[in-house]
Structures are given as C-alpha cells and as structure tokens.
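Visitor: Before anything else, here's the structure in question.
The values are calculated or read from the model by the stated rules, or taken from the named source; none is laboratory data. Computed from a predicted model, the values in this text were never measured in an experiment. Positions of Cβ are generated from backbone atoms using ideal geometry, with glycine treated the same way; all protein chains shown enter the neighbour counts.
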C-alpha cells in the first residue's frame, strides 16, 4: 500500500512541477483537460478499462492489482491539492526529480510485494505473451498513450523525457532493495 500511495504522490509531484509527466499521466491529464474530472479520477477509470482488456488476454490479477486501481489516483489528487506548484525553475526541477525518484522507489515497493501486477503492466505482459517482445510492446503502449494524451492537451516536456530515461534504472536500483524476500508472486 505504501508503494501505491508513494506512486500517486510521485505522479502528483511531477504534475505540480509543470515540466512534463510520465506517458500515462500525460494521457490522464489530457483526458482531464478535455473531458473534466481530475487526473486521479481518470487514472482510476483508465486502470479499470485496462483491466477489462485483460479478459481476452487471460491475465490473472491479485489484490495488488485491485489496490493499484483504487489507491494511486486518489493520491495523485491529494498531492496536487496539497502541494503548491513552485514558482522558480529550480524549485520545479527539484519537484520533478523528487517525483521521478518517488515513482521509482514506489515501483520497487509495489512490484516487490508480489501482490499482483498493475493494470498497465499486466496489459503489457499479456500482449507480449502473444508474440511481440516485451520492449516493443511496452514502447508501443507508452508512445501511443503519450501521443494521444499530448493531442488531448496533457503536459509533455523535459520531465517526460527525464522520466523515460530514469525510470528503468531507478526501478532496477530500488526493486532488489525493497522486494519482500522469499515471497512467490500472487499473480
């Protein structure tokens, strides 16, 4: 649960930095700008929709999958409501960096708990199991949601690029340090 709360807070910090979001948050923010509702609510609605795509893929979910849908969005909204946007570029950069590191650490916590994949991760692995490589599948999904989100008005910027470069190494760093040892995946 801590990992999911931290993930939402990290995404919220990136939004407040106004320097660019992760690809999925660009998409959720674009939906928010275009159709109303908050970024957090769209995060939950999209996650639920992605879970429906798991049905034909035969993916199995765990309690962590359900909690992912229910927790991350509210913590995005809570963070954006409580944390003011910095005025200086230095403050915005620091907030962006804190958000990216928070999402990396949060990923290590929630993945390392082995309580089920997040909706977007399950979509990726479900598609990849049917032929395309994991890296091609992940890249195609991320580029698609980023492009659609940007066209809807979501914030793409240097933060998006920084996230894309840093998130893999951060998860690789945090996961072995935060993983629950000896636990077999519930997924």
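Visitor: Could you list, in sequence order, the residues of the range 125-155 that are in a loop (DSSP other than H, G, I, E, B), modelled with pLDDT of 95 or more and surrounded by fewer than 18 Cβ atoms within 10 Å (Cβ to Cβ)?
Guide: Correct list: 152, 153.
Visitor: Continuing with this model, one more query. Failed condition for residue 1, given (1) buried (at least 19 other Cβ atoms within 10 Å of the Cβ); (2) under 22 Å from residue 170 (Cα atoms); (3) at pLDDT below 95, with all others met?
Guide: So residue 1 meets the others, but not (1).
Visitor: Please enumerate the residues belonging to the range 156-170 that are over 18 Å from residue 39 (Cβ atoms) and either outside any helix (DSSP H, G or I) or modelled with pLDDT of 90 or more (or both).
Guide: Across the range 156-170, the qualifying residues are 158, 161, 162, 164, 165, 166, 167, 169, 170.
Visitor: Quickly run through the range 100-124 and pick out the residues that are surrounded by 19 or more Cβ atoms within 10 Å (Cβ to Cβ) and either outside any helix (DSSP H, G or I) or touching a strand residue (DSSP E or B) at 6+ places or on another chain (Cβ under 8 Å) (or both).
Guide: Within the range 100-124, 113, 115, 116, 117, 118 meet the criteria.
Visitor: Hey, another quick one. Inside the range 84-115, can you point out the residues that are over 18 Å from residue 172 (Cα atoms) and either touching a helix residue (DSSP H, G or I) at 6+ places or on another chain (Cβ under 6 Å) or free of Cβ contacts under 8 Å to residues at least 60 places away in the same chain (or both)?
Guide: Selection gives 85, 86, 87, 88, 89, 90, 91, 92, 94, 95, 96, 115.
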